[in-house]
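To keep things clear, I will list the structure first and then write my remarks on it.
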2 protein chains.
Amino acid sequence: MKADIPMVRAAALARAGCLTIAALAASALPAFASGVIDNVNGMAVDPNGKIVHFRALLIDDDGKVEKLLPDRYQEPEYKPKKPKKGQPWPERPKGLSFRMDAGGKTLIPGLIDAHGHVMGLGLSLITLDLSDTKSLAEAQAKIRAYAQDGAGRKWIIGTGWNQEQWGLGRFPTAADLDAAVSDIPVWLERVDGHAGWANSAAIRAAGVTAATKAPVGGRIEMAAGKPAGVFVDKAMDLIAKVVPAPAPKDRDIAFEKAQRTLLATGITGIADMGTSIEDWQAFRRSADRGALRVRIMAYAAGIGNMTLIAGPEPTPWLYDDRLRLGGIKLVLDGALGSRGAWLKADYADAPGQRGLPMIPDTQLRNIMSRAAMDNFQIATHAIGDAANSEILDAIQELSETYKGDRRWRIEHAQIVSPSDLPRFAQFGIIASMQPVHEASDWRMATARLGEARLAGAYAWKAMLDNRVPLAFGSDVPVESPNPFVGIAVAMSREDGKGEPIGGWLPQQKISFEAALDGFTRQAAYAGFAEKRFGSLVPGQRADFLLIDRDIATARPADIRATQVLETWIGGKRVYVKGQ
Amino acid sequence: MKADIPMVRAAALARAGCLTIAALAASALPAFASGVIDNVNGMAVDPNGKIVHFRALLIDDDGKVEKLLPDRYQEPEYKPKKPKKGQPWPERPKGLSFRMDAGGKTLIPGLIDAHGHVMGLGLSLITLDLSDTKSLAEAQAKIRAYAQDGAGRKWIIGTGWNQEQWGLGRFPTAADLDAAVSDIPVWLERVDGHAGWANSAAIRAAGVTAATKAPVGGRIEMAAGKPAGVFVDKAMDLIAKVVPAPAPKDRDIAFEKAQRTLLATGITGIADMGTSIEDWQAFRRSADRGALRVRIMAYAAGIGNMTLIAGPEPTPWLYDDRLRLGGIKLVLDGALGSRGAWLKADYADAPGQRGLPMIPDTQLRNIMSRAAMDNFQIATHAIGDAANSEILDAIQELSETYKGDRRWRIEHAQIVSPSDLPRFAQFGIIASMQPVHEASDWRMATARLGEARLAGAYAWKAMLDNRVPLAFGSDVPVESPNPFVGIAVAMSREDGKGEPIGGWLPQQKISFEAALDGFTRQAAYAGFAEKRFGSLVPGQRADFLLIDRDIATARPADIRATQVLETWIGGKRVYVKGQ
């Protein structure tokens, strides 16, 4: 067919209100591309965050998007002119290396999780997982069964408990855990990673006694003058330091499980928030044997890991844009659930408690300077309104020295004073938020803060109205990584049961287009990756999903149930449902 | 010309006493190779360690040796048969991508240093280097001048001193160093890395007092009941732990300087003995930006580094066979110079002293088991005869459990009881020795041991007679990395001044062919690399040197002065003299 057809159809789409595909073309279309995914209900995200529809995706030899076609692919005909006498016919151009008819299925960009914990996910998949337990008794039974499965463990390690989900009304205790397992040490992290639950054997193994003081930024829950069993934030180290570290082989198994989980749920890229040297080495081991598929934007866990992993500056993009350490992750406060989040006023449900900063103000600025002077990006966990004000102050001060395209990130930005909202855009700060936290937290957050202090809570729409780049993630393994749940929650502010009906603080709902943008273009931008992948525009890596429904027209409850049929990264299929 | 010519000439060479080149051909010669280094006086080393002569080297598209030609290269003619009517002429085969006439120069395999310290070399190139000082006074003057050059250092760090070279007859003292610099701490490692010299400010900064005890495996030199200034072996940590670590940027600069030094002296591959995670990350940073040229066979500095760098097993060969961590380096005793080497009887010049093991016997076996069970190769520093017996015992015991191709390595193997010599071959142990140490040490070794205990000292010929794989290196930066000096010393056992005339223990001299084998094939074999590089046989990476003389016919004194004109790695030129 004629070469100008795509442009004609693009113009028709443009008239119909869509952006023209011509505007997205990185280069002229050669006669033959390397591959085509044909007959799709395709969506890409343009540089303004708007959805672009297409019917066929051309992929070049490098696995990059060559062109989005508004109509189905038509193979150019081979009609050479007759050669002069004695001359050979011109060679037939190389054909497509593959052509797939997707049968009209919906194709969207591979989704990016702007805030996750890759090895945390992986290790949770090979250790005891309590995230599905609905009561303390159920958790105890699961722990007991795990201890009795005969694996001969020296420690029992696990994650996922949540006393709120259990309706317990208090933290669990060492005695609660001793009732399940008392002969070997048990150490279980809370679902948010901001508290740990130890049995008496673990407390003994760590040498913690009634006389032990909590370190700055931490809290030991006490009962009858003794450690009660739960250790909050920096006090977790008191126990964690004696827990045997996973062996490299365990890390490799965990990482591969994490990758498979991510690919199956449609995540093709993820910002790893708090990468240790051990994590990094596991990523590289995988990559060195050709097994790294997910793209990882790594943020080092503190200065020591940053220096050891990357050295004097961020690493280059490695393994065809699959791995880079570009920044540092700092943790300024704790979480709302464990009342570790640093608030400007007392917790509504715990008078006298406001949480506290885990990094003193001068040290915070020193660490940030140390990273910024070597051009590392800085991503700071801030949940409470006091923590958000503090990091905004610090960024404002450092911005005078460290200019240019810094893309300061605030992770979570859950409770922000309304007066602080405009300050994000003022300093080019990215709000890195996790819609699914809202669905998990809304009851708890209302209890912790009270109705009067919710104006800047999980305030996605307010961020967009303030022209703040809004990158979305899941905080996996704190939450499920499923980005379709994230999109659904972003649109509805309802949880998995559809509660509260009509959504919590419904004025903060955002559109499907904005939600998709948060999980694609904006999440890539937040990791300095927007020229490489993220929104399926020509020139980017061909990372995309085939899914089982048209999420552009579906209601949130249906989007939530989306199944990923195929996941492609760099023009190669890396996951097929059911295989 | 006719395709069978190479074989005809090979047969002629075979009749002349050379191995046939046909025996080395990895595959049939295609009509055109990718590149040719023509008109050379070429030498490769065959799988039996014999020299193979050739006139042209064909390099394939992957930068590997395609073929060695016994005569100059002749481009095949293009004489296709006339095609049938209507058919095109066959395409002319792709020509060479390059062809270089070397003007008859001598071409040898890139040399491999089987035992060096890459970052040690690099850091020595960016810190104070005392290796050229001939007296304490000269060293003091150099230190004083270095302190006054205005660099604003907080510490002065350096290497290379040798009280034997100074003719001092004793270790230098803190007071000697205070006389040069007293206002900031100074810490200078001895040339062998087995002792350090601190000034009073450094001793104070480290909190070392008269009451400080030396750790096991270490010794604090004392004077008038106080630390005298020199700290031997494990006692070095007392000071070293407070010395600021080099910044990653410094490491990168140091590594690049090390690479240039190695390439200029003809080293294309090196076993890095004692790689830390910081070293490894510097190697990878270089490689990730395409700047790694030298091939590095890394041996981790202890279990912690081994696990952190490689994880559950040796790394794959990375970056086109330029980097691999395949093993672990252990240090069982100290050095002769500082009387840290562990002897079976007292030092002849220090009655009552025998040195001591730095790793107790059970711990040694535990560490070795830990590494061997994950298939890491084990390279153990053993200098004294007691240390060599101990590591031989340990290998003998472990060999019952850890079978297969283990290639246990003993590094230095300097003083070996004659009765222990046959035990090397019995367990397939590689003797990794440094000829140049003999030239530096012969007077000192005679003094330390006395004439009667020299039968197994630096006993290269005895190793070969016992059929022990003998890999050669330099121990750079303890010695100059220059492998031509190593070859010359191996043949002559004379030092740079030609002393002692006729060589020290001349029965241990070896042939040129054996010396070249030690720096090529055997050094590659010692690193499990013999299928990848090392001796310039077809199928291996094309790593080679053009040098300014025919070292196969030169006398040792002339070999010592060899200049490297060009260094090629993987078929690419990476160094040209004078550029």
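Any read-out appearing in this document is the output of simple, stated calculations on the displayed coordinates, not a laboratory observation. Here the structure is a predicted model, which means the values were calculated and not measured. With ideal geometry, Cβ positions are generated from the backbone for all residues, glycine too; neighbour counts draw on all protein chains shown.
Things worth noting here:
- Kirkwood hydrodynamic radius over Cα pairs of chain B, then Stokes diffusion coefficient at 25 °C and 0.890 mPa s, in µm²/s: 98
- Between copies, A:Asp550 shows label-point distances of 8.3 nm, shortest first, with the point placed 7 angstrom from Cα along Cα to C-beta.
- Using the Karplus relation 6.51 cos²θ - 1.76 cosθ + 1.60 with θ = phi - 60°, the per-residue 3J(HN,Hα) values for region A:391-405 come to 6, 5, 4, 5, 5, 4, 5, 5, 5, 5, 9, 9, 9, x, 7 Hz, with x marking Gly and Pro.
- From phi via Karplus (6.51, -1.76, 1.60), per-residue ³J(HN,Hα) for region B:469-474 in Hz, x at Gly/Pro: x, 10, 9, 10, x, 10
- For region B:332-510: relative contact order, % (alpha-carbon pairs under 8 angstrom, 6 or more apart): 18
- Averaging Cα coordinates gives a centre for region A:107-126 and one for region B:295-320; these two points are 28 Å apart.
- Shown here for region A:37-110: GluC sites (Glu not before Pro) in loop regions (DSSP other than H, G, I, E, B) with at most 10 other Cβ atoms within 10 Å, namely A:Glu77, A:Glu91.
- Region A:74-231 - Rg over Rh from alpha carbon coordinates, Kirkwood radius: 1.46
- For the protein assembly as shown, fraction of C-alpha pairs farther apart than 62 Å, in %: 20
- Label-to-label distance, nm, for residues given as B:Leu168 and B:Lys84 (7 Å Cα→Cβ offset): 8.8
- Dipole magnitude for region B:414-500: about 220 debye, using +1 per Lys or Arg Cβ and -1 per Asp or Glu Cβ, origin at the Cα centre.
- Cα centroid separation - region A:324-362 against region A:267-281, whole Å: 23
- Sum of side-chain charges, A:Asp346 neighbourhood, beta-carbon under 14 Å (Lys, Arg +1; Asp, Glu -1): +3
- The Rg/Rh ratio of region A:352-505, with Rg taken over Cα atoms and Rh as the Kirkwood radius over Cα pairs, comes to 0.98.
- Note on region B:119-240: lysine pairs with Cα distance below 26 Å, sequence gap of 8 or more or different chains, count 7.
- Chain A, relative contact order in percent, only Cα pairs under 8 angstrom and at least six apart counted: 16
- Counted charge near A:Pro418, where neighbours are those whose Cβ lies closer than 15 Å (Asp, Glu -1; Lys, Arg +1): 0
- For B:Asp320, the label point sits 7 Å beyond Cα toward Cβ; its separations from the matching points on the remaining copies run 1.9 nm, from shortest to longest.
- P(r) tail, region A:119-180: Cα-Cα pairs separated by more than 20 Å, 25% of all pairs.
- In sequence order, calculated HN-Hα J values of region A:494-500 (Karplus, 6.51, -1.76, 1.60; Hz; x Gly/Pro): 10, 8, x, 8, x, 10, x
- Environment charge of A:Gly473, counting only residues whose C-beta is closer than 10 Å and scoring Lys/Arg +1, Asp/Glu -1: -4
- Cross-link partners of B:Lys572 among lysines, defined as those whose alpha carbon lies under 20 angstrom from its own and excluding same-chain residues fewer than eight positions apart: B:Lys64, B:Lys67, B:Lys94, B:Lys105, B:Lys257, B:Lys531.
- Region A:425-477-region B:375-389 distance, computed between alpha-carbon centres (Å): 60
- All C-alpha to C-alpha distances of region A:222-296, sorted into 10 Å bins beginning at zero, yield P(r) values of 15, 38, 23, 16, 6, 1 percent in whole numbers.
- Region B:119-240, relative contact order in percent, only Cα pairs under 8 angstrom and at least six apart counted: 21
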